[in-house]
Amino acid sequence: NAGVTQTPKFRVLKTGQSMTLLCAQDMNHEYMYWYRQDPGMGLRLIHYSVGEGTTAKGEVPDGYNVSRLKKQNFLLGLESAAPSQTSVYFCASSYRASRHGYTFGSGTRLTVV
Amino acid sequence: AQSVTQLDSQVPVFEEAPVELRCNYSSSYSPSLFWYVQHPNKGLQLLLKYTSAATLVKGINGFEAEFNKSQTSFHLRKPSVHISDTAEYFCAVRPNAGGTSYGKLTFGQGTILTVHP
């Protein structure tokens, strides 16, 4: 099925460990996004990309890095995980035109202990 | 810059009753507006969107929303809810212009709708 695929779906990390979350879309969308969702805070934008090879900071970028080497993939990295990064992470993609909404992945539930 | 305020964090309602989830927005540029639904432990699904056409927008599962420019509101309504509508609902705004704001969706904090039998 066409859409946005996130891997892994669940992960437990120890403080200080690193990991990479992978997002892949097969809809030829130009824009891709990483959000984190925390109770009572809605979705907050971490980083986004408006095209292959470009990335930009969102609302809460500290502690995260991203890369978009291919149009269909958007990677989110945690270099040294902290308990404050315990969250549910969502990737999304969209066409450039603002009349389009986003297509979301099913999320990654990350726990940092 | 843009922002979204969802006026109710939780809305309890009985099955088959009508419901309205309130959303106010601000945007420096003409916006597109969206409502998403998130069922427990699931991703976000698009319910409906306003993109400068008709002000009354119909979506999936019997939901509709009305864009009110003068009140900067985009309230979501359903005339008769079902148990399966229990979920969290997010209002979001995306500006149609505006440099670095262009293309970025800003979400409200969510409204948890609980439908009781």
Under a cut-off of 30 Å between alpha-carbon atoms, report the lysines in cross-link reach of B:Lys78, not counting same-chain residues fewer than 8 places apart. B:Lys42, B:Lys49, B:Lys58, B:Lys69, B:Lys104
Over all alpha-carbon pairs of chain A, lay out the pair-distance distribution in 10 Å bins, whole %, shortest bin first. 15, 50, 29, 5, 0
Gyration tensor (Cα only) of segment B:28-72 to equivalent ellipsoid, semi-axes in Å sorted down, yields 22, 13, 8
Within 10 Å of each Cβ of A:100-112, how many other protein chain Cβ atoms are there on average? 4
Per-residue Cβ counts within 10 Å, from other chains only, averaged over A:22-34: what number is that? 1
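What whole-number value in Å² describes the accessible area per residue of chain A for a 1.4 Å probe?
Working: 5370 Å² over 113 residues.
I get 48 Å² per residue for chain A.
Mind grabbing the interface size between A and B? I mean buried accessible area, both sides, 1.4 Å probe, in Å² to the nearest hundred. Before the final figure, lay out each step's value.
Numbers: alone 6240 and 6430 Å², together 10930 Å².
Summing both chains' loss of accessible area gives about 1700 Å².
Can you pull the mean other chain C-beta count within 10 Å for peptide A:40-50? Write out the running numbers ahead of the final one.
On the way: counts 4, 3, 11, 11, 2, 4, 0, 0, 3, 0, 4.
The shielding value for this peptide is 4.
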23 Å Cα cut-off, lysine pairs counted over chain A (separation 8 or more, or different chains): 4
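How big is the charge dipole of chain A about its Cα centre, in debye rounded to the nearest 20, if each Lys and Arg gets +1 on its Cβ and each Asp and Glu gets -1 on its Cβ? Could the numbers behind the result be given before it?
Values: 12 positive and 7 negative charges, 28 e Å.
Dipole about the Cα centre, nearest 20: 140 debye.
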Alpha carbons only, please: Rg and Dmax for chain B, in angstrom. 13.9, 48
Dipole of chain A, positive end: most advanced residue of A:Pro8, A:Gly51, A:Pro83 [Cβ charges, Cα centre]: A:Pro8
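How large is the accessible surface per residue of segment B:24-91, computed with a 1.4 Å probe and reported in Å² as a whole number? Kindly include the intermediate steps, with their values, before the conclusion.
On the way: 3240 Å² over 68 residues.
Accessible area per residue, segment B:24-91: 48 Å².
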Table column - 3J(HN,Hα) (Hz), segment B:35-43, Karplus curve with 6.51, -1.76, 1.60, x for Gly and Pro: 10, 10, 10, 10, 7, x, 6, 10, x
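In chain A, carbon and sulfur make up what percent of the accessible area (probe 1.4 Å)?
On the way: 2780 of 5370 Å².
Whole-percent figure for carbon plus sulfur exposure: 52.
Expressed as cubic angstrom per residue, what is the convex hull volume of the alpha carbon set of the protein assembly as shown?
119
The values are calculated or read from the model by the stated rules, or taken from the named source; none is laboratory data. Everything quoted here is computed from the prediction, not taken from an experiment. Using ideal geometry, Cβ is built from the backbone for each residue, glycine included, and neighbour counts are taken over all protein chains shown. The protein model used for the area step is the full one, side chains on, heavy atoms only, and it has no ligands, DNA or RNA in it. Shrake-Rupley method; radii C 1.70, N 1.55, O 1.52, S 1.80 Å.
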